[in-house]
Structure formats: structure tokens, C-alpha cells
1. Name every residue in region 112-139 that is modelled with pLDDT of 95 or more and part of a strand (DSSP E or B), in order of residue number.
2. Would you tally the residues in region 17-61 being closer than 28 Å to Arg132 by Cα and touching a Gly at 6+ places or on another chain (Cβ under 8 Å)?
3. Applying the selection to region 27-43, what residues are under 22 Å from Ala118 (Cβ atoms) and surrounded by fewer than 19 Cβ atoms within 10 Å (Cβ to Cβ)?
4. If you go through region 62-73 one residue at a time, do you hit one that is crowded, with 19+ Cβ neighbours inside 10 Å and either under 26 Å from Glu137 (Cα atoms) or small (Gly, Ala, Ser) (or both)?
5. With respect to Arg56, is the statement that it is at pLDDT 95 or above and more than 21 Å from Arg123 (Cα to Cα) true?
6. Could we say that Asn11 is within 26 Å of Ser117 (Cα to Cα), part of a loop (DSSP other than H, G, I, E, B) and either among the acidic types (Asp, Glu) or in contact (Cβ under 8 Å) with a residue 40 or more places away in the chain (or both) here?
Amino acid sequence: MTRVDFYVSPNQAAEANLQLACRIAEKAYSKNNRIYVHVQDTQQAKRLDELMWVFRDGSFVPHCQNTDNLTAQAAVIIGYDEMPEIAPDVLINLAEEVPNFFTRFERVAEIVSGPESARNIARSHFKFYRERGYPLETHELNS
């Protein structure tokens, strides 16, 4: 059964969820996982793609967008429409809805950060998973 982890950050900046997604992707990559980051739309995919190059000095996480031809080689794939044909281990969900393909992953990472509107979306995701009996874990982060 898919395990769902919620990462709660006190950061209320507008792009806090993107920064945290980069950190989670980096950690999952360091453990030899393949990651799919599900974003809301093209604009968010482009912003996350840019941020992954610069979010932390000295960090390198090989990534691409789902529309690129490099998805078979990339450790991290960013997409907003459909899941890539390959089967990643970890799903990082940044979309407003839980994607219908989340059960194909061993783990799902949901991010709780940013403004109150974003936190409310994460709360609805928590309720969605809880009502369906998925194992949930919450991780309180300091920054």
C-alpha cells in the first residue's frame, strides 16, 4: 500500500512549496529513488525546473520535464498532466488535487507550506488519504 508523508513547514512564502519539493527530491535522489513531481500547470513546471538548478549551492539533482525526451534517464521528472511511462518510486504532489495515479507509487510526499490557501489544499489531501485508509505520517520541519 502506498505510504503518504506530509512535510509541514512554517515557511509561508509563496514559493515555499517549490523550495521544499527541491529538498525532498534531492533527499529521495540521494537514496537512489526515481521521483515524479506532479505540479499544477506548465508555469509551475517551468518554475520548478529553473529552481532545481539553483535551490542550494553545490546541489545537483538530474531532472527534466515530462515533455522532454530525457525522462528515461532523469532521476527526477516534473509533470502536470499524466504520469511518465517509467515507474518512479516517489511522487511529490504539488497539484491542487490528488492525482488519480498516486497508488502506482511506493511513497507520496505532500507539502504543507506557503500561504493559508495552499495549507488548506494540503489539509483536504490529508482528509482524502485518511478516509481511504492510507498510512499517513507527518513531519514537522523547522525551516
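The values are calculated or read from the model by the stated rules, or taken from the named source; none is laboratory data. Computed from a predicted model, the values in this text were never measured in an experiment. All Cβ positions, glycine included, derive from the backbone under ideal geometry; neighbour counts span all protein chains shown.
1. Passing the criteria: Leu136, Glu137, Thr138, His139.
2. Selection size over region 17-61: 5.
3. Residues satisfying the conditions are Lys27, Gln40, Asp41, Thr42, Gln43.
4. No, because not a single residue in region 62-73 is crowded, with 19+ Cβ neighbours inside 10 Å and either under 26 Å from Glu137 (Cα atoms) or small (Gly, Ala, Ser) (or both).
5. no
6. For Asn11, the condition - within 26 Å of Ser117 (Cα to Cα), part of a loop (DSSP other than H, G, I, E, B) and either among the acidic types (Asp, Glu) or in contact (Cβ under 8 Å) with a residue 40 or more places away in the chain (or both) - is met.
Each row is one residue, and each column tells you yes or no for (1) more than 15 Å from the chain's Cα centre (by Cα); (2) under 21 Å from Arg104 (Cβ atoms); (3) in a loop (DSSP other than H, G, I, E, B).
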{"residue": "Gln40", "(1), (2), (3)": "no, yes, yes"}
{"residue": "Gln44", "(1), (2), (3)": "no, no, no"}
{"residue": "Met52", "(1), (2), (3)": "no, no, no"}
{"residue": "Asp57", "(1), (2), (3)": "yes, no, yes"}
{"residue": "Phe60", "(1), (2), (3)": "yes, no, yes"}
{"residue": "Cys64", "(1), (2), (3)": "no, yes, no"}
{"residue": "Asp81", "(1), (2), (3)": "no, yes, yes"}
{"residue": "Ile86", "(1), (2), (3)": "yes, yes, yes"}
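Let's see how each residue does on (1) closer than 13 Å to Ile24 by Cα; (2) in contact (Cβ under 8 Å) with a residue 40 or more places away in the chain:
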site	(1), (2)
Cys64	no, no
Asn69	no, no
Tyr80	no, yes
Pro88	no, yes
Leu91	yes, yes
Phe102	no, yes
Val108	yes, yes
Ala118	no, yes
Arg130	no, no
